[in-house]
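Working notes, structure below.
Each value in this text was obtained by applying a stated rule to the coordinates, not by laboratory testing. All values reported here derive from a predicted model rather than from experimental measurement. Glycine also receives a Cβ, built like all others from the backbone with ideal geometry; neighbour counts cover every protein chain displayed.
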There are 2 protein chains.
Amino acid sequence: MIIYFITSNPHKVEEVRELAADKGISIRHLHYEYPELQLDAIEEVAIASANHIRREKWAEINAPFFIEDSGLLIHALNDFPGPFSAFVFRKIGNEGILKLMAGKEGGERRATFKTVVAFCRDPDAEPSLFIGTVEGRIADRARGDGGFGFDPIFEYEGTGTTFAEMSTEEKNKVSHRSRAFTKFLNHILQHLH
Amino acid sequence: MIIYFITSNPHKVEEVRELAADKGISIRHLHYEYPELQLDAIEEVAIASANHIRREKWAEINAPFFIEDSGLLIHALNDFPGPFSAFVFRKIGNEGILKLMAGKEGGERRATFKTVVAFCRDPDAEPSLFIGTVEGRIADRARGDGGFGFDPIFEYEGTGTTFAEMSTEEKNKVSHRSRAFTKFLNHILQHLH
């Protein structure tokens, strides 16, 4: 079975392909920059994006496809930056998040990384969602050279180690994205393969 | 001539109606919550929104219409929060912006309020834009009870007075929104009336 991953990010394609290869599922990359709506939840953005692609592009793709949307939710900041994580990272970076967290201690620094996979298997149905999360806390300062985005300030639950201090392999074992991809691929394996 | 203002905010309708009444232009309010895209410039968001409404709703409206989108651009933060101002205000508020600006002094605190009006006069043409801006700086702390959103931290150019410390009448004389509306209404008066 061939499934298309619609994204402009080849690194994400590599990550899901490694997980899929173990299960005998073939992932094909379709580079297409679809519009993303300003909505308050990552789930809502992913649903709207998948539906847009389904309506506009199904005739061209003519096969099951999925998209992925991820974000960082900081509980003390009302789940900011959430679905706007990419924009906020580009504008204020890790330094900006650390400033917003100044004076916040202990449990106030809790944060969640979340990935939503939205999968469309046919042209007439709403997308199915597969959600992966990982809990952690916002570090006191950026640490580590690995990963990307907010990884240097995200300490993985209870370890004191940031995602940027972990190897790609270590991170991929526990990350929100790999958890969402794994749920999604298991579903494919059980229901469609 | 009747022109529709598509917005979910009745206060904005009042503001443009006062300006329009002086010019003999009638503004009708159409309450419709259209989707807004995640794009990097307020102008791009406004164009996309107007085009969406034009394509989806022209048959229903069947008359010239406009929308409005506004935001705060802080130069030292790479024009953050820009088109995401409403979301950022809801999540981190004025307090969050003040934290991001900690340690920034003098010219580093410069900011611009911008309004973009996107006007569609017929179903087949791209929208026309009318842009109003006002220059100022981010105050050291929130001051004043008037206005809304980021008004308490926006000091109007050279006065040391925040938009929230000015009366509605004073603010409307110089605000980004009134400047954009005035440009737009003058255009209507000269070209279409």
- Tabulate in residue order the Karplus-calculated ³J(HN,Hα) for the range A:154-169, using 6.51 cos²θ - 1.76 cosθ + 1.60 with θ = phi - 60°, rounded to whole Hz; enter x for Gly and Pro. 9, 7, 5, 2, x, 9, x, 9, 7, 4, 6, 8, 9, 5, 4, 5
- Query: What residues qualify as long-range amide H neighbours of residue B:154, i.e. H under 5 Å apart, gap of 5 or more or another chain, H built at 1.01 Å from N?
  - Reply: B:139, B:163, B:164
- Scattering profile of the range B:118-176 from the Debye formula, Cα beads only, expressed as log10 I(q)/I(0) at q = 0.22 Å⁻¹, is -0.77
- Estimated dipole of the range A:1-96 in Debye, rounded to 20 [Cβ of Lys and Arg +1, of Asp and Glu -1, Cα centre]: 280
- Whole-Hz couplings from phi, Karplus 6.51/-1.76/1.60, listed for the range A:31-39; x for Gly and Pro: 7, 8, 8, 8, x, 10, 7, 7, 10
- Item | Share of pairwise Cα separations in the protein assembly as shown, more than 34 Å, in percent | 38
- Message: Testing the spin-label approximation: label points 7 Å from Cα along Cα→Cβ at residue A:28 and residue B:32. State their distance in nm.
- Response: 3.8
- Task: Please give the per residue volume of the convex hull enclosing the alpha carbon atoms of the range B:1-65, rounded to a whole number of Å³.
- Result: 90
- Task: Output ³J(HN,Hα) for the range B:53-70: one whole-Hz value per residue in order, computed from phi by the Karplus curve 6.51 cos²θ - 1.76 cosθ + 1.60 with θ = phi - 60°, and x for Gly and Pro.
- Result: 5, 4, 6, 8, 10, 4, 4, 7, 6, 6, 6, x, 9, 9, 10, 9, 9, 10
- Message: Treating the point 7 Å from Cα along Cα-beta-carbon as the label, what are the nm separations from residue B:11 to the other copies, to one decimal?
- Response: 4.1
- Pairwise centroid distance, computed over Cα atoms, of the range A:32-55 with the range B:1-58, Å: 23
- Note on the structure: Once amide hydrogens are built 1.01 Å from N within the peptide plane, the residues lying 5 or more places from residue B:38 or on another chain with amide H under 5 Å from its amide H are A:36, A:37, A:38
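What does the convex hull of the alpha-carbon atoms of the range A:38-141 project to on average, in nm²?
Values: hull surface 28.5 nm².
Computed as one quarter of the Cα hull surface, the answer is 7.1 nm².
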- Note on the structure: P(r) of the range A:2-191 over all Cα-Cα pairs, 5 Å bins starting at 0, rounded to whole percent, reads 1, 8, 16, 20, 19, 15, 10, 6, 3, 1, 0
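So what is the relative contact order for chain A, in percent, with contacts set as C-alpha pairs under 8 Å and at least six apart?
Values: 363 pairs, mean separation 36.8, N = 193.
Answer for chain A is 19 percent.
For the range A:68-157, run through the trypsin sites (Lys or Arg not before Pro) and keep only the ones in DSSP coil with at most 11 other Cβ atoms within 10 Å of their Cβ. If you can, show how the numbers build up before the last one.
On the way: sites: A:90, A:91, A:99, A:104, A:109, A:110, A:114, A:121, A:137, A:141, A:143; in loops: A:104, A:121, A:141, A:143.
Passing sites in the range A:68-157 are A:141.
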- Message: Under the convention of a label 7 Å out along Cα→Cβ, give the distances in nm from residue A:135 to the same position in every other copy, shortest first.
- Response: 5.1
- Task: Give me the distance between the Cα centres of the range B:107-185 and the range B:61-99, rounded to whole Å.
- Result: 11
- Can you list the distances in nanometres, one decimal and ascending, from the residue B:51 label point to the identical position in each other copy, with the point 7 Å along Cα to Cβ? 2.1
- Sort out the exposed loop GluC sites (Glu not before Pro) in chain B (DSSP loop, at most 10 other Cβ within 10 Å) and tell me the longest stretch that has none. B:106-193
